[in-house]
Amino acid sequence: MYLYHYGLRELPFTITPNTQFYYDLNSHHEAFEVVLTALKTGEGFIKITGEVGTGKTLLCRRLLNDVPDFFKTAYIPDSYLDPTELRLAIAQELLVETEQLTNQQQLARALQQRLLDINKSGQAVVIFIDEAQALPEESLEALRLLSNLETERRKLVHIVLLGQPELDERLAQKAFRQLRQRISFSHKLTAMNVDETAAYIAHRMDVANYKGSPIFDWKLVKRLHQSSRGVPRLVNMLCHKMLLLAYGEGRRQLSLQDLKLAVNDTEDAELPRSLNLPIALSVCVFFLAAAAVSYWQMGGLQ
């Protein structure tokens, strides 16, 4: 790979959610503060939504790492689970012995007892559910019922839903009005602006131990931001491919041609119009010239 070529310690632009490369984007910082505030005030449901590639899973992993010790956490990465599978996954995350449980009633009682025991130890439980837009209707209802568990002073469980905008569309349905009204805190992740994109790229290169002069110049970053629409995952994919292209030709400095080739090889990325301008002008000139020739020939026939 290109690590030695650029003097890197590790690949800076993988799409794996690695908290070592976490960059505190404004939108992520706000979401982080919203979740912590909601947890500290004892709210049952918190919702974070964002488009594909905006970093929901990476944010979730940072929350898992940095949530105060007062909270015992459970993480459910695969949300396409029926109510039985969902309860079982939560119970196992909370270290409930489930092997001897033979039916749903026993599982529900064991889970409730575990939540009570955690509360008696001076902690509260927070469940993070990633890709929550995929939760079946019955499982969403199961989560609502689980959130009903509480003592006279506080709730036994807090639930953070992280999902794509389709989660908002689902919760807007009348069938989910009870759950919707329990979500007192929510936040929407947004794409990066051009300044954040430049800082994001520089940060990841720095974490990867790059020591040379910048190889993503400002002009290139602006075009890259336009091509990716500021979506972190697309930025990662384009940067990785551009570094590969330059490495293949023995170069360290990146070019707009590298970006063009990377965009053409990346689904959902698109070239800015400015990079296509020369081609458009050539087409216009061609048609104007053809029209002039045709007009002259017609005039010559008269």
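Does at least one position in the range 120-129 carry a residue that is open to solvent by 10 Å² or more (accessible area, probe 1.4 Å), out of contact with any strand residue (DSSP E or B) (no Cβ under 9 Å at 6 or more places or on another chain) and touching a residue at least 24 places away in the same chain (Cβ under 8 Å)? Can you show your working first?
Initial filter on the range 120-129 (open to solvent by 10 Å² or more (accessible area, probe 1.4 Å)): 120-123.
Pick out the ones that are also out of contact with any strand residue (DSSP E or B) (no Cβ under 9 Å at 6 or more places or on another chain) and you get 120, 122.
When the remaining residues are screened for being touching a residue at least 24 places away in the same chain (Cβ under 8 Å), the result is 122.
Yes: the range 120-129 contains one or more residues that are open to solvent by 10 Å² or more (accessible area, probe 1.4 Å), out of contact with any strand residue (DSSP E or B) (no Cβ under 9 Å at 6 or more places or on another chain) and touching a residue at least 24 places away in the same chain (Cβ under 8 Å).
If you go through the range 77-103 one residue at a time, how many are open to solvent by 20 Å² or more (accessible area, probe 1.4 Å), touching a strand residue (DSSP E or B) at 6+ places or on another chain (Cβ under 9 Å) and hydroxyl-bearing (Ser, Thr, Tyr)?
0
Among the residues of the range 248-284 satisfying the criterion of being part of a loop (DSSP other than H, G, I, E, B) and at pLDDT below 90, which is farthest from Lys222 (Cα to Cα)?
Leu271
Among (1) modelled with pLDDT under 95; (2) open to solvent by 10 Å² or more (accessible area, probe 1.4 Å), which single condition is Phe45 missing?
(2)
Can you report the number of residues in the range 199-216 which are surrounded by fewer than 19 Cβ atoms within 10 Å (Cβ to Cβ) and outside any loop (DSSP other than H, G, I, E, B)?
Residues that pass the stated criteria total 5.
Could you say whether any residue in the range 179-186 is under 22 Å from Leu59 (Cα atoms), modelled with pLDDT of 95 or more and among the aliphatic types (A, V, I, L, M)?
No, the range 179-186 contains no residue that is under 22 Å from Leu59 (Cα atoms), modelled with pLDDT of 95 or more and among the aliphatic types (A, V, I, L, M).
The values are calculated or read from the model by the stated rules, or taken from the named source; none is laboratory data. Just so it is clear, the model here is predicted, and its values are computed rather than measured. Please note: Cβ atoms are built from the backbone with ideal geometry, for glycine as well, and neighbour counts cover all protein chains shown. These area figures cover heavy atoms from the full protein model, side chains too; ligands, DNA and RNA do not enter into them. Shrake-Rupley method; radii C 1.70, N 1.55, O 1.52, S 1.80 Å.
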